[in-house]
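The values are calculated or read from the model by the stated rules, or taken from the named source; none is laboratory data. Everything numeric in this text was worked out from a predicted model, so none of it was measured. Quick reminder, even Gly has a Cβ in these numbers, built from the backbone with ideal geometry, and neighbours come from all protein chains shown. Each accessible area value is taken on the protein alone, full model and side chains, heavy atoms only, with ligands, DNA and RNA left out. Shrake-Rupley method; radii C 1.70, N 1.55, O 1.52, S 1.80 Å.
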Amino acid sequence: MSGGDERDGAKLAVDGGAPVRRDRLPYGRQQISEEDVAAVVSALRGDWLTTGPLVEAFERALAAATGAPEVVAVSNGTTALHTMLAAAGVGPGDEVIVPAMTFVATANAVLYCGGKPVIVDVDPGTLLIDPAAVAAAISPRTVAVVAVDYGGQPVDYDALRAICDQHGLRLFTDGCHALGATSRGRPVGTLADATTLSFHPVKHIATGEGGAIATADPALAARMRRVRNHGLNQTAAEREKAGTFRYEMAEWGHNFRLTDIQCALGISQLRRLDENLARRRALAARYAGLLSAVPGVEPLVLRPEVEHAWHLYVVRMKRGAWSVPREELHRLMLAEGIGVNVHYLPVHLHAYHQAQGAFTGQCPVAEAAYAELLTLPLHHGMSDEDQDDVLRALHKLVAARGQAE
Ligand SMILES: *Cc1c(COP(=O)(O)O)cnc(C)c1O
C-alpha cells in the first residue's frame, strides 16, 4: 500500500476518504435462528393464533428467566407500562415520578392513565434516576415511582425502596433495557413491585412487537390480566373450558393481548438468552478496554453491585475534546458506516412536555449529558471485527476532529 493510500485511510468519509464500512453496522439488531422460524411456523399450524397455550408457556418461561412468580404478556413494552400503572390504580390527580433520561413511553404511560408524570434528574455518572431527586419531588399526590434500568444497568434499588417505603409509594421499574440484569445477585423482575419488559427487535429478545410485566403480587397480576383483555373477568379459552358464553366487563380495560405466533418466537428466543447476555457482556468489556486508548470518549460509570444486561453501550463524547459538537460527531460516524444513535433526548425537553410546563434547566444533569451522549453499536450478533470497525472510526474521528485539551 502506498503512503498516499494510508493517508486516505485516515481521511474521514465526509472529507472524501473511504468509509470504514460500506454496509452500516446497526446499533442494535435481532438474531433470528432456523429454530425461531420453525417455532413460528408450528404456531401458525396450531389451533390458537392468540390467547392460547403459547401465551401461558411464554409467561412461564419469562417467570423462570426473571425469577418473578407472575408474568403477564402484553402487546408491547408501552402497553406493559400502561397495564402496570392502570392495574395499580393510577388515575387523574395522581403523580408518578419518572427519570428524565428514558424513552418517552415511560412518561406517556402515566399520561394514558390520566396521571401526571413528574420528571426528575439522573446521577451524572450512571445517568440512572437520582434517589435524592426522587425524594425532593415527592408531593401529597405522589403515588409511585417508575425507575428505569437505563441501558441495562439496575438503579439503586436499596435507596429507592427506602424512600418509597417511607412515603407509602409503589416502586415500579421500566426494565425494557434490563432483561437478565441483576443487582446484588437478584434479577431484574424481582427488585420492584412490578417490572416491565419489551420485546422490540432492538431489545434482548424479539417478538416483533411484544412486552410483559413481571411481579410477585398475585392481585396485581390478576388485575393486569383483566386490563389486557377489555376488563373482562374471563378469557375466551376459560369460557370454552367452563362451557359458558357468559363474560362480564368487571373493570376498565383494553385489548393489549400478545399473539401465540409472537409468543412462539419469544419462547424460542428466550432459550438463547444466556448466550445473548454473555456475548453482550464480552463485547462491553472489550469496548471498555479498547476505549481507554481513545481520548475524549468516556463510558458511563458502572455500579459495583450490578450485573449489567448491556442493551445499550452509551459513551460521552467529552465536551472540550472535540472541535465539533456531538450532532456532527454522530453524523461523521454514520458516514463511516457505524450506526450510532443517541439515547435519549431528556423527556422534559420534548415539545409536548414543554407545552405542558416542563422547562429547560429542570434536569441539568440529564441536559448536560445529552449534549455528549452517543450510543455505540452493541448487539449479540456483533463480531469482534464489527467492534474493531467502531474503534477504527473513532480513531479517525480523533485524528480529524479531536482537540488536545
Ligand atoms: C423500548 C422501550 C419502551 C417501549 O417498548 P415498546 O415495546 O417499543 O413499546 C419503553 N421504555 C423503554 C425504556 C424502552 O427502551
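Structure above, values below:
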read-out: Subset tally (residues that are in a loop (DSSP other than H, G, I, E, B) and more than 18 Å from the chain's Cα centre (by Cα)) for region 356-380; value: 10
read-out: Among the candidates His353, His343, residue that is under 24 Å from Val120 (Cβ atoms), over 19 Å from the mean Cα position of the chain (by Cα), modelled with pLDDT of 95 or more and within 16 Å of the ligand (Cβ to nearest atom); value: His353
read-out: Scope region 212-234; condition open to solvent by 30 Å² or more (accessible area, probe 1.4 Å) and part of a loop (DSSP other than H, G, I, E, B); matching residues; value: Ala216, Asp217, His230, Asn233, Gln234
read-out: Within region 131-152, tally of residues that are of a type in the set (Gly, Ala, Ser) and either part of a loop (DSSP other than H, G, I, E, B) or under 15 Å from the mean Cα position of the chain (by Cα) (or both); value: 4
read-out: The listed residue being away from the ligand (no atom under 15 Å from the Cβ) and over 24 Å from the mean Cα position of the chain (by Cα), out of Leu232, Leu220; value: Leu232
read-out: Residues located in region 160-183, provided they are open to solvent by less than 30 Å² (accessible area, probe 1.4 Å) and over 17 Å from the mean Cα position of the chain (by Cα); value: Leu160, Ile163, Cys164, Leu169, Leu171
read-out: Residue, modelled with the lowest pLDDT, within region 27-41, restricted to residues that are of a type in the set (Gly, Ala, Ser) and surrounded by 13 or more Cβ atoms within 10 Å (Cβ to Cβ); value: Gly28
read-out: Strands (runs of 3 or more DSSP E) fully within region 49-130 counting 1 or more residues that are in contact (Cβ under 8 Å) with a residue 40 or more places away in the chain, within 16 Å of the ligand (Cβ to nearest atom) and open to solvent by 10 Å² or more (accessible area, probe 1.4 Å); value: 116-120
read-out: Residues being assigned to a loop (DSSP other than H, G, I, E, B), open to solvent by less than 10 Å² (accessible area, probe 1.4 Å) and near the ligand (Cβ under 10 Å from one of its atoms) - total across region 184-207; value: 2
read-out: Verdict on Ala368 being over 30 Å from Arg21 (Cβ atoms), more than 16 Å from the ligand (Cβ to nearest atom) and open to solvent by 10 Å² or more (accessible area, probe 1.4 Å); value: yes
read-out: Residue within region 374-397 that is surrounded by fewer than 16 Cβ atoms within 10 Å (Cβ to Cβ) and small (Gly, Ala, Ser) present; value: yes
read-out: Pair list, Cβ < 7 Å and 6+ apart or interchain, from region 163-191 residues that are more than 27 Å from Arg141 (Cα to Cα) and touching a residue at least 12 places away in the same chain (Cβ under 8 Å) to residues that are in a strand (DSSP E or B) and within 16 Å of the ligand (Cβ to nearest atom); value: Leu179/Leu197; Val188/Thr173; Val188/Thr195
